[in-house]
Amino acid sequence: MAFKRPDLPYGLNELAPFVSEEQMDYHYNKHHEAYFKKLNALVDGQKESEMDLKDLVIASNDGVFNNAAQAWNHSFFWECMSPNGGGAPKENTLNALERDFGGVEAFKKELSEKAAALFGSGWAWLAKDDSGKLEIMPLSNADTPLKHGKTPVLTLDVWEHAYYIDYRNARPQFIEKFFDVINWDFVESCYNK
Ligand code: MN
C-alpha cells in the first residue's frame, strides 16, 4: 500500500495574497508530491509501507525519515492555514499563549524571530509537551516535534521553496503575512488533543 498525499483543504489560489497560486502549485504539486514519491519508492514492498505515516516518522531514520517527515509536515502545514484564517487564537490556545509567552504579541514576536533566524532549511513549530506547556521549536530540515516527544500545534515552513517565487530572499515578510492565514480552529483542535 502506498502513502497518498492528502488533498489540499482549499484551492491553490485561495491563500493569496499570502502565497500566490504559482507558489502553492510548486509547493504542493511539485515539492510535497516528490516527498511522497520518494518515500513510496524507498519503502516499496517493505513493512514500513503498511505503517501509519505519523508512526513511520517517529520510528524511521535517514532517507525514509526525511521523506516521511516532509510528507507529514506539509500535510500538517496545509491544515494550519485557511483562506478564512487569521484573527485571534481560540480559548484554550489563547490561555496557553498568555501563560507560556505572556501574550499573543509576545508569542508572535518569538515565533517570527526564531523563524527568521533559522539557518538554512527548516520549520518553525509551536509544540506542546504532555503537561500542555507550549514552546517554539525551530527545527532544521525535516525535523519535527514528533521526534522529540512533543505534539505539533502549529508550523511554518521556512524552506526557501516555501516562499521564493513570491518573496525571493525576504523571509521576514513571508513570516509576517503568515499570521493573516493561520487556522486557529485547527490549532485549537491540536492543542486540545
Ligand atoms: Mn515545503
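Restricting to Cα pairs below 8 Å that are 6+ residues apart, what does the relative contact order work out to for region 21-79? Please round to a whole percent.
Answer for region 21-79 is 40 percent.
Would you please name the chymotrypsin sites (Phe, Trp or Tyr not before Pro) within region 1-83 that are DSSP coil residues with at most 14 other C-beta atoms within 10 Å of their C-beta?
Passing both the DSSP loop test and the Cβ count: no residue.
How much of the accessible area of the chain, in percent, comes from carbon and sulfur atoms when a 1.4 Å probe is used?
The computed percentage sits at 48.
Rounded if a/c is under 1.5, else prolate if a/b beats b/c, else oblate: with a ≥ b ≥ c from the C-alpha gyration tensor eigenvalues square-rooted, which is region 21-79?
Cα axes put region 21-79 in the prolate bin.
How large is the accessible surface per residue of region 21-79, computed with a 1.4 Å probe and reported in Å² as a whole number?
About 49 Å² of surface per residue is accessible.
Take every Cα pair under 8 Å in region 91-192 that's 6+ residues apart, average their separations, divide by the length, and report that relative contact order as a whole percent.
27
What whole number of Å gives the distance from the Cα centroid of region 65-110 to the Cα centroid of region 34-48?
Answer, in whole Å: 29.
How large is the helix-only mean residue ellipticity at 222 nm for the chain, computed as the sum of -39500 (n - 2.57) over DSSP H runs with n ≥ 4, divided by its residue count, in deg cm²/dmol to the nearest 500?
Theoretical 222 nm ellipticity from helices: -12500 deg cm²/dmol.
Please list H31, H74 in order of solvent-accessible area, largest first, computed with a 1.4 Å probe with all protein chains present.
Accessible-area ranking of H31, H74, largest first: H31, H74.
When a/c is below 1.5 the answer is rounded, else prolate if a/b is larger than b/c, else oblate, so apply that to region 91-192 with a ≥ b ≥ c taken from the square roots of the Cα gyration tensor eigenvalues.
prolate
If each residue of separation counts as 0.36 nm, what is the full-extension length gain between A16 and R168 once their alpha-carbon separation is subtracted?
Here the segment from A16 to R168 would lengthen by 53.1 nm.
Looking at the square roots a ≥ b ≥ c of the eigenvalues of the Cα gyration tensor of the chain, which shape do they give, rounded for a/c under 1.5, prolate if a/b is larger than b/c, or oblate?
oblate
Would you list which lysines come within 22 Å of K133, measuring only between C-alpha atoms, while excluding same-chain residues fewer than 8 positions from it?
Excluding near neighbours in sequence, the set is K54, K90, K108, K109, K114, K147, K150, K193.
Can you give me the distance in nm between label points at T151 and E50, each placed 7 Å from the Cα along the Cα-to-Cβ direction?
The answer from the label model is 2.9 nm.
Measuring with a 1.4 Å probe in the full set of protein chains, what accessible area per residue, in whole Å², belongs to region 94-193?
In whole numbers, region 94-193 has 45 Å² accessible per residue.
Enumerate the calculated ³J(HN,Hα) couplings along region 92-103 in order (Karplus 6.51 cos²θ - 1.76 cosθ + 1.60, θ = phi - 60°), each rounded to whole Hz, writing x wherever the residue is Gly or Pro.
My calculation for region 92-103 gives 6, 5, 4, 4, 5, 5, 5, 5, 9, 10, x, x Hz in order.
Please compute the contact order of the chain in relative form: average sequence separation of alpha-carbon pairs under 8 Å and at least six residues apart, divided by the residue count, as a percent.
Relative contact order of the chain: 25 percent.
Using 0.36 nm times the number of residues separating S140 and D25, minus their current alpha carbon distance, what extension gain do you get?
Fully extending the segment from S140 to D25 adds 39.1 nm.
The values are calculated or read from the model by the stated rules, or taken from the named source; none is laboratory data. In this text, all values refer to a predicted model and were calculated from it rather than measured experimentally. Positions of Cβ are backbone-derived with ideal geometry, glycine not excepted, and every protein chain shown enters the neighbour counts. When the accessible area is computed, the model is the full protein with side chains, heavy atoms only, and any ligands, DNA or RNA have been set aside. Shrake-Rupley method; radii C 1.70, N 1.55, O 1.52, S 1.80 Å.
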